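**Q** What follows is a single structure, and I will ask about it in a moment.
The values are calculated or read from the model by the stated rules, or taken from the named source; none is laboratory data. This is a predicted model, so every value here is computed, not measured. Quick reminder, even Gly has a Cβ in these numbers, built from the backbone with ideal geometry, and neighbours come from all protein chains shown.
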Amino acid sequence: MLKFYSLIRPLLLSENRRLSLSRSFIVAALKAHSAVKLEHCPKHTMGVPLADVLSKLEELAPLKLAESWDNVGLLVEPERNGVVKNVLVTIDLTENVVDEALENEAELIISYHPNIFRPIKCVTQSHWKERIITKCIRNGIAVFSPHTSWDAIKGGVNDWLCSAFKSKTSKPIMPNSENSSIGMGRFFELESPVTLKKAIEDVKQHIGLSHVRIGVGRDKCPDTDLISTVAVCAGSGGSVLAGVKADLYLTGEMLHHDVLEATQKGTSVILCNHSDSERGYLKSFQKQFKVEGLNVIVSRVDKDCLTIA
Ligand SMILES: [Zn+2]
């Protein structure tokens, strides 16, 4: 086996994946070779079995915590018994992100938003979502989506967004039926009240944005009126935040009539773009998710599809 490995090692070390045999092919060749047992391969060279990576992801955020309407878990599996060395983490899975995964020789993409959500009837080259699936399969790249399971957990996406502020202990707006300390959205009191103006600056600083959109609560002055309670929902917060009594809503996006409903009741609103309200968590995940032999890379090309002009 070691002799066989030494023969293919130059291929494994080749930097240009497209000009050499793909690693997935080499792994498949290794498995097919009668004398080869994967566990005998030098540690770190062959990466981590995909099944083990999925188990670690499940430990971090059990998929049963995801909302019932969601589509989470392993969405694309190019081969049985896949092995992973490089993981690319993104909020949205675009064709540019798949190209980035290829450049980084990733065998797994963790796409926070599911790249397959509504049922698809065919997988052709005519639609970008279908091309992504074929490109991933052709290049041996698996795709996993955690989505709302990452929203629910302690220290997940919502808690990352809350950390824009110094707060007392937060609680979920929609608690999980089995564990009330986790769930959708967050509500908390600030350690010390701040003006809306200060809250806006804190959010911009935390997310790394030069601009956010705000709705000022009826009869409130951003410079003098104080914010004591905040309701947070990463992504699209309209349904989770509806009816919550708080001085401030912080979310990525809300419909006009939902913002109107909130502001007319005296609640101010900060909107910071759907995916910008989620993306910063990826760096926290990179720090949290330590698996020996696994290299976690945060996408550089993934970005919100709206910008300021
Ligand atoms: Zn989202």
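**Q** In the range 141-167, what residues are surrounded by 19 or more Cβ atoms within 10 Å (Cβ to Cβ), part of a loop (DSSP other than H, G, I, E, B) and away from the ligand (no atom under 16 Å from the Cβ)?
**A** Within the range 141-167, I141, A164, F165 qualify.
**Q** Still on this structure: Would you mind stating whether S111 is touching a helix residue (DSSP H, G or I) at 6+ places or on another chain (Cβ under 9 Å), assigned by TED's automatic domain parsing to the domain that holds I227 and hydroxyl-bearing (S, T, Y)?
**A** For S111, the condition - touching a helix residue (DSSP H, G or I) at 6+ places or on another chain (Cβ under 9 Å), assigned by TED's automatic domain parsing to the domain that holds I227 and hydroxyl-bearing (S, T, Y) - is not met.
**Q** Kindly establish whether V232 is at pLDDT 95 or above and within 16 Å of the ligand (Cβ to nearest atom).
**A** Yes: the conditions hold for V232.
**Q** For the condition in contact with a helix residue (DSSP H, G or I) (Cβ under 7 Å, 6 or more places away or on another chain), at pLDDT 95 or above and not assigned by TED's automatic domain parsing to the domain that holds A199, what is the one hit in D225, D304?
**A** Exactly one residue qualifies, and that residue is D304.
**Q** Here's a follow-up. Only one of (1) within 16 Å of the ligand (Cβ to nearest atom); (2) not in a strand (DSSP E or B) fails for S210. Which number is that?
**A** (1)
**Q** Residues that are within 13 Å of the ligand (Cβ to nearest atom) and in contact with a Ser or Thr (Cβ under 9 Å, 6 or more places away or on another chain): does the range 281-289 have at least one?
**A** Yes - at least one qualifying residue is present in the range 281-289.
**Q** K287: not polar (S, T, N, Q) and not assigned by TED's automatic domain parsing to the domain that holds K168, yes or no?
**A** Details: not polar (S, T, N, Q): yes; not assigned by TED's automatic domain parsing to the domain that holds K168: yes.
Judged against the criteria, K287 is a match.
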